[in-house]
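Notes for the one structure printed next.
Bear in mind these aren't lab numbers, they're just calculated from the coordinates by the rules spelled out. As the structure is a computational prediction, the values presented were derived from the model and not from experiment. Don't worry about glycine lacking a Cβ; one is built from the backbone with ideal geometry, like all the others, and counts go over all protein chains shown.
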Amino acid sequence: MNILIIENEIYLAQSISARLLELEHNCDICISIEEDNKGIDYDIVLLSTNINGQDFSSVIKKYENAIILLMVSYVSNHTVSMPLDLGAKDYLIKPFMIDDLIKKIDHYVDYKIQKQKLQTYEKYLSSTFQKTKITLDTDEMEFPLFVFSNSQKDSDNFAFKYAFKNKLMLDFLILSDKKMPQSLDIPEQSITYVKGFESLRDENRNLFVEMIKDKNVIIQNNKGIEVTGYKTFEIDSKKNVLAENEILPIEEYIKYIIVNYQNKYSDTKLAELLGLSRKSIWEKRKKHEIKK
């Protein structure tokens, strides 16, 4: 990363620079704001706000896209409050351990990366689900909640929209008979979206139903399996039709047809429609853990 150090205490600036160079960062040192005329887009700016006669607003505005950390000898409106209001992220009081400074840099860099990832995911999800209109009447929903839809995308859309609307953290759990959880611990202000419920054997399905009592859980139930004592939210999707413009790999298409049509057609008919043998249909069920 490119790091700018604005500090008139030369020994401190050089000590910080030496440590950052060891970590393979690029560092420049300025003893005043006026010296900063290199025109580089810095990732981090370490700004001493105890330099007399300096107007820090200009450097904070100039590097508004950088992570600005203040280095101060005392806390005042001029050295801390105003720079933070203008966009600086945090501050350290001198004298400080350089390792503490490194920890703050790492923290804010990681935060910036995670924020960018979140924005990217939100854009992707928004573009992916924009054609699907789902109305969420959250007042009538009780958990755990089973969601039925013939569209995988609609079920996913429901879980994401519910979490975002209610400002809940969203976690995923993919079930299989080989990887059944022993317990389910869901933190407050969180919700877990469960997939693979239809793949469980009856005994494990019953165990899981007992496990999720009074839990904030949304369970994808795209086979419409009846679960006694729990409500099902049904999404009005086009029945048994792939999403518009959705092209699946051959193996996924075969899986989709078996899951969605096995209750309508016999194995002989499915095999005929797919151009497979009945033995192949049985092997596909075993491979994908599809329960008939």
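By how many nm would the segment from residue 234 to residue 272 lengthen if fully extended, with 0.36 nm per residue of separation less the alpha-carbon distance?
10.6 nm
Using Cα springs under 10 Å in a Gaussian network model of the chain, which residue among 249, 187, 83 shows the largest mean-square fluctuation?
Top of the fluctuation ranking is 249.
Among 235, 219, 16, whose mean-square fluctuation peaks in a Gaussian network model of the chain (Cα, cutoff 10 Å)?
Fluctuation is largest for 16.
So for the pair residue 201, residue 86, with labels modelled 7 Å out along Cα→Cβ, what separation do we get in nm?
6.8
Using a 10 Å cut-off around each Cβ, can you sort 24, 7, 252 from fewest to most neighbouring Cβ atoms?
In order of increasing Cβ crowding within 10 Å: 24, 252, 7.
With unit charges on the beta carbon (Lys/Arg positive, Asp/Glu negative), name the residue among 2, 159, 196 whose Cα is farthest towards the positive pole of the charge dipole of the chain.
196
Could you give the length gained on full extension between residue 19 and residue 288, defined as 0.36 nm per residue of separation minus the Cα-Cα distance, in nm?
91.5 nm
Using the Karplus curve 6.51 cos²θ - 1.76 cosθ + 1.60 with θ = phi - 60°, what ³J(HN,Hα) values do you get for each residue of segment 185-192, in whole Hz, with x for Gly and Pro?
Per-residue couplings from phi come out as 9, 10, x, 4, 6, 10, 9, 10 Hz.
Anyone know which of 18, 66, 163 comes out most mobile in the 10 Å Cα GNM of the chain?
Of 18, 66, 163, the most mobile in the Gaussian network model is 18.
Express the relative contact order of segment 17-122 as a whole percentage, based on alpha carbon pairs under 8 Å and six or more residues apart in sequence.
So the answer I get is 21 percent.
Percent of alpha carbon pairs in the chain separated by more than 22 Å?
69
If the only charges are +1 at each Lys and Arg Cβ and -1 at each Asp and Glu Cβ, what is the size of the charge dipole of the chain around the Cα centre, to the nearest 20 debye?
Dipole magnitude for the chain comes out near 1820 debye.
Against the longest alpha carbon principal axis of the chain, how many degrees, from 0 to 90 and to the nearest 10, is the axis of helix 278-288 turned?
30
Among residues other than residue 110 whose Cβ falls under 14 Å from its Cβ, what is the net charge (Lys/Arg +1, Asp/Glu -1)?
+3
Could you give the angle, 0 to 90 degrees to the nearest 10, between helix 202-211's Cα long axis and the longest principal axis of the Cα atoms of the chain?
Its long axis makes an angle of about 40 degrees.
Evaluate the relative contact order of the chain (contact order divided by residue number), counting alpha-carbon pairs under 8 angstrom at least 6 apart; express in whole percent.
Relative contact order comes out at 13 percent.
With r defined as the distance between the Cβ atoms of residue 57 and residue 112 and R0 fixed at 25 Å, what FRET efficiency is calculated, to the nearest 0.05?
Calculated transfer efficiency: 0.70.
Need the full-extension length gain, residue 73 to residue 142, defined as separation in residues times 0.36 nm minus the C-alpha distance. One decimal, nm.
That pair, residue 73 and residue 142, stretches by 19.4 nm at full extension.
Hey, with R₀ at 30 Å, roughly what FRET efficiency would residue 64 and residue 102 work out to, going by the Cβ-Cβ distance, to 0.05?
Efficiency computed from Cβ-Cβ geometry: 0.80.
Please compute the contact order of segment 138-234 in relative form: average sequence separation of alpha-carbon pairs under 8 Å and at least six residues apart, divided by the residue count, as a percent.
It comes to 45 percent, rounded to a whole number.
Show that you can apply the helix-only estimate: for the chain, add -39,500 (n - 2.57) for every DSSP H stretch of four or more residues, divide by all residues, and state [θ] at 222 nm to the nearest 500.
-12000 deg cm²/dmol
If you line up the long axis of helix 250-261 against the longest principal axis of the chain, both from Cα atoms, how many degrees apart are they, to the nearest 10?
50
Choose one of 51, 16, 65: the residue whose Cα lies farthest towards the positive end of the charge dipole of the chain (beta-carbon charges +1 Lys, Arg; -1 Asp, Glu; about the Cα centre).
The listed residue farthest towards the positive side: 65.
With θ set to phi - 60°, apply the Karplus curve 6.51 cos²θ - 1.76 cosθ + 1.60 along segment 4-13 and write out the HN-Hα couplings as whole Hz, x wherever there is a Gly or Pro.
Values per residue, Gly and Pro as x: 10, 10, 10, 7, 8, 8, 4, 4, 5, 4 Hz.
For segment 68-84, what does the Karplus curve 6.51 cos²θ - 1.76 cosθ + 1.60, with θ = phi - 60°, yield as ³J(HN,Hα) per residue in whole Hz, taken in order and with x for Gly and Pro?
9, 10, 8, 10, 10, 8, 8, 9, 8, 4, 6, 8, 10, 4, 5, x, 5
For residue 186, enumerate residues with amide H under 5 Å from its amide H, sequence gap 5+ or separate chain, H modeled in the peptide plane.
Residues meeting the amide H criterion: none.
Roughly how big is segment 1-50's charge dipole about its Cα centre, with Cβ charges of +1 (Lys, Arg) and -1 (Asp, Glu), in debye to the nearest 20?
100
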